[in-house]
Amino acid sequence: VQLQASGGGLVQAGGSLRLSCGASGRTLSNNGMAWFRQAPGKEREFVVGVGWSGGSTDYADSVKGRFTISREKAASTVYLQMNSLKPEDTAVYYCAASKWGGASRLLNDYNYWGQGTLVTVSS
């Protein structure tokens, strides 16, 4: 399975970006999926996850109310709509597919990772 993330770029504070993550190789319609991010010099952190059905979501407090995750189950595609971006959102964003149907906050629960897409928010 390969995950391909796209949509990153440079945006001013207060702006918006939409990230996409598509899967190839096999369907991930029964797997939870999530976005993590890693800022320079920091550890990779959980941003948001969505369960296999799309009905359950979990957001980190730092992005709650600003970011929205959605998925096209049949296409094994997940999106991240990011609004009201802040400079502290600057990071490489990674999509990941869980070993399970739910969306965990633990890195070790994910066995497939995309290559990352850089989001830079200027002040």
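The values are calculated or read from the model by the stated rules, or taken from the named source; none is laboratory data. Bear in mind the structure is a predicted one, so any value in this text is a computation, not a measurement. Neighbour counts are summed over all protein chains in view; Cβ atoms, including those assigned to glycine, are modelled from backbone coordinates with ideal geometry. SASA here: full protein model, heavy atoms, side chains in, ligands and nucleic acids out. Shrake-Rupley method; radii C 1.70, N 1.55, O 1.52, S 1.80 Å.
Key figures for this structure:
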quantity: Per-region count, segment 3-19, residues in contact with a Phe, Trp or Tyr (Cβ under 9 Å, 6 or more places away or on another chain), open to solvent by 30 Å² or more (accessible area, probe 1.4 Å) and under 10 Å from THR117 (Cα atoms); calculated: 2
quantity: Test: residue in segment 98-117 that is of a type in the set (Phe, Trp, Tyr), under 13 Å from the mean Cα position of the chain (by Cα) and buried (at least 21 other Cβ atoms within 10 Å of the Cβ); calculated: yes
quantity: Those residues of segment 51-77 which are among the hydrophobic types (A, V, I, L, M, F, W, C) and modelled with pLDDT of 95 or more, in sequence order; calculated: ALA60, VAL63, PHE67, ILE69
quantity: Restricting segment 66-76 to residues that are open to solvent by 20 Å² or more (accessible area, probe 1.4 Å) and touching a residue at least 12 places away in the same chain (Cβ under 8 Å), the residue that is nearest to THR90 (Cα to Cα); calculated: ARG66
quantity: Segment 66-123, subset among the aliphatic types (A, V, I, L, M) and assigned to a loop (DSSP other than H, G, I, E, B), residue nearest to ALA34 (Cα to Cα); calculated: ALA103
quantity: Qualifying position, being under 23 Å from GLN2 (Cα atoms), more than 11 Å from the chain's Cα centre (by Cα), surrounded by 21 or more Cβ atoms within 10 Å (Cβ to Cβ) and at pLDDT 95 or above, among ALA23, ALA91, ALA34; calculated: ALA91
